[in-house]
Every structure is written in C-alpha cells, then in structure tokens.
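Working notes for the structure below.
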Amino acid sequence: MNGIEVDEALLILKIAFIVLLYLFIWRIVRSASRDFRTGGGGAQESMIIAPGRSGESQAASVGPAPQTRGRTRARLVVLESPALARGEEIPVDAAPVSIGRGGQNDIPLDGDEFSSARHARFETRRDGLWVEDTGSTNGTFVNGARVTTPRRLGRGDVVRVGQTDFRVDL
Amino acid sequence: MPYADPYLLPLAALLTAIGVTTIYRLEPDDAFRQSLWVVIGVAFFAVALVVYRHDYRRVERYKYLFGLGSLVLLALPALPGIGQTINGARLWVKVGPLQFQPGELAKILLIVFLAGYLRDKREVLAQGRLKDFGPLLLIWGAAMLVLFQTNDLGSALLQFGIFLAMVYVATGRASFVAAGLALFLLGAAAVYQVVDHVQQRVTIWLQPWTEEPVLCAQTGEQALRQDCGSFQLVKSLYSIGNGGFGGTGLGQGTFTTTTGDPIIPYLNTDFIYSAIAQELGLVGAAALLLVYMLFVARGMRVAIRADDGFSKLLAAGLTFGFALQTFIIVGGVLRVIPLTGITLPFVSYGGSSVVANFVLLAGLLLVSNRANAQHTLR
C-alpha cells in the first residue's frame, strides 16, 4: 500500500519536473522570438562578415577592389505619393540620398505640397539604412512616429515624407 | 552588463543544474566536487566579465600569444612527468593533487586566436592564394599533430570543425569549407588505415553486436564484441532504451548491477546523456537538446548582431564550438557518429570542462553586451 503511494508521488513529481522543464523552454522561445521580430531589423545583418566593410578596410589596399557580392542593396518602394509613381523603386547607395520639394534633391517631390524644400536624407551606413530629418516643417515619420534624431530603418518600415509613403526594402 | 543577452545565463544555469543533479544521483561524491568546480568556473566567469567590461577587444592584440598558448596547453599532457594517460588518451595534466584537461581551455584560446587572425587577414584569404594560409595552416597543423599524438580524436574533430566554420564566417566562401571537408575525409581515411585505435572505434560504431566471438583487443581472447570493445556503447544504448518515452524517473534508473558495480563505465562524463535519457526518457532528453539548441540560437544571434569582425568571429566560433561539441558527444552516444570521448557542455562531470564553458559563456555575454549596447544607444 505504502509502496504504491510512493510510486504515485514519484510519477507525479516526474511529470511535474518534465512539465516545468518544457514550460521554461516555452517561455524562453516565446520571449526570444518576440525579440527577433521587433528588435531584429535589417537583412544586412549576417553571420558572415560582409566583404570590404568600412572600419576594417586596411586590407582593402592589398587586393582588388572590395567586392559587394552578397550584400543586398537598400531600396525605397513608393507606396503612395502625389509626386512619384506608385511602386517605383529607388535604390539607396552609400552616398546620402536627399529628398524634398525642388530639383536640388536626389528624390524630387514636386507636387507633394506637404513636403519641405529640403526634407530628409537617407544614408547607408555600415550597419544598415538610416533616415534623418533635415529640418522639415511637417516632419518625417517612420511607422507613424516622428523622427527627431537619425534613425536606423528595418525591412518593411514605412517612411512618410509629406504625403509620400515609402516602404523600406533591404 | 546591462545589454548582455538575457537568455544565455539562465540556459547555462539550467544545464549546470541538470548536470549537478544527475551527477549527484550517480555519484554523490563527484557531485560535491562538481559543485566546487562550478564555483571556480563562476569565479572565472565573474573575473572575465569585470576585467573586460569596457572592451574585450584588446585581447585581439595578443592573438599570437593566444595561438601559442593554446598549442602549449595542448602539448602539456604529452610532456613526461606531468602528463597522465587515462583510457588510452593522453590528455590529462597532474600537478600535485590537481588534475585537469588543458584541451578544454586550449579550445577557447584557439578560437580567440582564429578570430583575431582571420579578422586581420580575411580579405587576403578570400582571394584563395595558398601562401596566405601559411601561418594559419601551421598553427592548425601543429594543433592536429598534438591531438593525434595524444589520441584525442574528439578534440581534433572539434577543433577542425571550429576552424572551418570560422574560415567560412570570415570569408563567406563555401568552397573553402568544401575543400576543408574533402581534406578532412582524406585525412580521416589515411588515419583509419594507420591508427588501430580509430579502426576499433569505427568497427564498434558500425557493428557493436556480433553473433560469433571475435578477437577482443583488450584481453586478447575470443569474445562477443558486445562483451568486449563495444560493451560501453551497447550498455548505454540499452540504458537509453530502458528509459522509453517518459523515462524511469529521477533516481529510479538502473545504473548498477545487483552487486553494486556500475554497468556503464564513465557514466557521469562521456555517457551522462544516456543516464539522463534513461531517467527522463525521450521527453526529457529532447528537452535537454532543446535547451542546447536555444543556447546555440542565442549565441548565433550574438554573432549576427555584432558589428565588428573580431566580435562576430569570436561569437560565431564560441557558439559553433559549443554546438559541435554537443553534437559530437550526443551523436557518439546515440551511435549517429563514431564515439569519441568528449564532455557534454555544462552537464558532464569534469572540472576543466565546467571552467572552460563558463569562460565561453563570459565571452558570449561580453560580445552580446557590446553589440546590443551599440544597437540601442545609436
């Protein structure tokens, strides 16, 4: 009689132990995958060191020009705009790309009355694509939040300049 | 370490706890010693975190020292006087009452060296000229030589895997990995022809059971192989099978004969996985592997997020080493690959292993702290 009770207790303890073990794993998986979705960002982040990255360039002089193979280029896709065609894709290279009303910009937004003459600037740094507001009146927004300091963009972020919406493709 | 990865430490703690619990169940005396080693390991861990809290990257300047250090550590057991041969492998060092396996720490030093060296030379290496590989192959070749000298095949396999993975991370060229694997297969085939020890391991792996008595290398008599060379592996497989789906429950497994002798030799070091698989069953053993997978996934994420080449290589190397070590021993115990004695990280009984793994954990936390801080503060 006593032996059976001990066995039952052990069985319950065993199951409880296994359940707790899996609960721990489950909590970590859930919490860690949330971290992957929000804080992750940036398809340029890779295991493999991108060839020819700045800050590691001293070896670049030894061989041929650093290759850009395997490095995806950032693009802005027009979602909605009074000035640009919807679906147009604008590549962003290492050189900063300025955007605003008027021809002096790399991306001119003639016809978008809510954009400023010099509105914002996109820039590829070594850790990804960044956007910076260059003193616009109506502001630059990333996913609805106004940009006050330079901000790094993740894949799928929506940038609003005046009445123009871009989706970030990395 | 406000920005360090929040999951690595709890996962390591869980693994350590499972390890100490299992060792306590098997050999209470060993569990006490293991706890002492955990304390020493945590002390190393804390010292590493405090010393390098500002910038761990200054170790990069001493990369050749690290490379040399790892070679010296690897060669220590081969020295007469302090070297100890246990179970046919000469990988122990005994100084007074203290006995340790320097190979475990050598692994970490080698990773630091490779991270520093490959970051420096990766652009040149990516061009694939053989002479640029010179110093690399030299140190690596020396490491291999020492490992074969000491019969430590598990470590040789581990170091080679780490080497290939880090070259891949540095250059991004899969052809290097393919060439390395081809070289490895050639080397393995050659070693198989020459070294008796390796032939035995492979035979045990492929045919652990025989129906006719064969020559037993240990005793020189005729015996069934399951009673001789593959005794340990076969008993371990029975042990895992005995666990079934749900396991026997902690403390309920059978690890000794009716006379009290242990059934499986080296149960709490190399074969601790089969003890856990018996007492916790498939469910528990799978949970253990899941914990390892999570640890590796987090480590790889640290490597992905790290900004500079040295940190990326360091995190990738440490994580890959951890993953490969787990695979080699669990795969060996489960008869997926030939068995080579190596410890299961954080779980197996063994002082040097525990200390080395805590140092490895400190390295990953330092890299993740820096990487996450940069991402957050920008």
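In peptide B:5-14, how many Cβ atoms from other protein chains are near each Cβ within 10 Å, on average?
Working: counts 2, 4, 6, 0, 0, 3, 3, 0, 0, 4.
For peptide B:5-14, the averaged partner shielding equals 2.
Compute accessible area for region B:265-283 by itself and then with all protein chains, 1.4 Å probe, and report residues whose area falls by 50 Å² or more.
Buried by 50 Å² or more upon assembly, which counts only protein chains, are B:LEU280.
Please report the buried accessible area for the interface of A with B, total over both chains, probe 1.4 Å, in Å² to the nearest 100. Before the final figure, lay out each step's value.
Working: alone 11480 and 17850 Å², together 25810 Å².
That pair of chains buries around 3500 Å² in total.
Please sort by residue number the chymotrypsin sites (Phe, Trp or Tyr not before Pro) in region B:201-238 whose DSSP state is loop and whose Cβ has at most 14 other Cβ atoms within 10 Å. Walk me through the numbers before you get to the answer.
Values: sites: B:TRP205, B:TRP209, B:PHE231, B:TYR238; in loops: B:TRP209.
Of the chymotrypsin sites (Phe, Trp or Tyr not before Pro), the ones in loops of region B:201-238 whose Cβ has at most 14 other Cβ atoms within 10 Å are B:TRP209.
At a 1.4 Å probe radius, carbon and sulfur cover how many percent of the accessible area of region B:263-355?
Here it works out to 79 percent.
Give me the one-decimal nm value for the distance between modelled label points at B:VAL195 and B:PHE133, 7 Å along each residue's Cα-to-Cβ direction.
2.1
Using a loss threshold of 20 Å², tell me which positions in region B:123-149 are less accessible in the complex than in their chain alone. Probe radius 1.4 Å, ligands and nucleic acids ignored.
B:GLU123, B:VAL124, B:GLN127
With a 1.4 Å probe and every protein chain kept in, tell me what percent of the accessible surface of region B:1-114 is carbon plus sulfur. Spell out each step's value before the answer.
On the way: 4090 of 5880 Å².
Ligands and nucleic acids excluded, carbon and sulfur give 69 percent.
In whole angstrom, how far apart do the alpha carbon centroids of region A:20-34 and region A:105-170 sit?
37
Evaluate the distance, in nm, between pseudo-label points positioned 7 Å from the Cα of B:THR219 and of A:ALA117 along their respective Cα→Cβ axes.
9.8
How much accessible area per residue does region B:57-194 have, in Å², with a 1.4 Å probe? All intermediate terms of the calculation are to be shown ahead of the outcome.
Numbers: 6490 Å² over 138 residues.
About 47 Å² of surface per residue is accessible.
Restricting to bridges with both residues inside the protein assembly as shown, how much of the DSSP beta-bridge set is antiparallel, in percent to the nearest 5?
Numbers: 38 of 40 bridges.
Antiparallel: roughly 95 percent of the beta bridges in the protein assembly as shown.
Around B:LEU280, with a cut-off of 14 angstrom between Cβ atoms, what is the net charge of the other residues, counting Lys and Arg +1 and Asp and Glu -1?
Numbers: positive: A:LYS14, B:ARG25; negative: B:GLU279.
Summing Lys and Arg as +1 and Asp and Glu as -1 gives +1.
Return the distance in nm (one decimal) between the two label points of a simple spin-label model at A:ASP110 and A:GLU8, each offset 7 Å from Cα along Cα→Cβ.
Each label point is offset 7 Å from its Cα along the Cβ direction, giving 8.7 nm.
Calculate for chain B the 222 nm mean residue ellipticity that helices alone would give, adding -39,500 (n - 2.57) per DSSP H run of length 4 or more and normalising by residue count, nearest 500 deg cm²/dmol.
Working: 12 runs with 247 residues, N = 378.
When only DSSP H runs of four or more count, the value is -22500 deg cm²/dmol.
Please work out how many pairs of lysine residues in the protein assembly as shown are eight or more positions apart (or on different chains) and have Cα atoms closer than 22 angstrom.
Lysine pairs meeting the criterion: 9.
What whole-number volume per residue, in cubic angstrom, does the convex hull of the C-alpha atoms of the protein assembly as shown give?
Numbers: hull volume 105.0 nm³, N = 548.
Normalising the Cα hull of the protein assembly as shown by residue number yields 192 Å³.
Can you give the accessible area of B:CYS216, probe radius 1.4 Å, in Å² rounded to 10?
10
Between beta-carbons, use under 14 Å as the cut-off and find the net charge around A:LEU79, counting Lys and Arg +1, Asp and Glu -1.
On the way: positive: A:ARG75, A:ARG86, A:ARG160, A:ARG167; negative: A:GLU80, A:GLU88, A:GLU89, A:ASP112, A:ASP157, A:ASP165, A:ASP169.
Value of the local net charge: -3.
The values are calculated or read from the model by the stated rules, or taken from the named source; none is laboratory data. Quick caveat: nothing in here was measured; it's all calculated off a predicted structure. Cβ coordinates were reconstructed from backbone atoms using ideal geometry, including for glycine residues, and neighbour counts include every protein chain displayed. Protein only, heavy atoms only, side chains kept; ligands, DNA and RNA dropped before computing areas. Shrake-Rupley method; radii C 1.70, N 1.55, O 1.52, S 1.80 Å.
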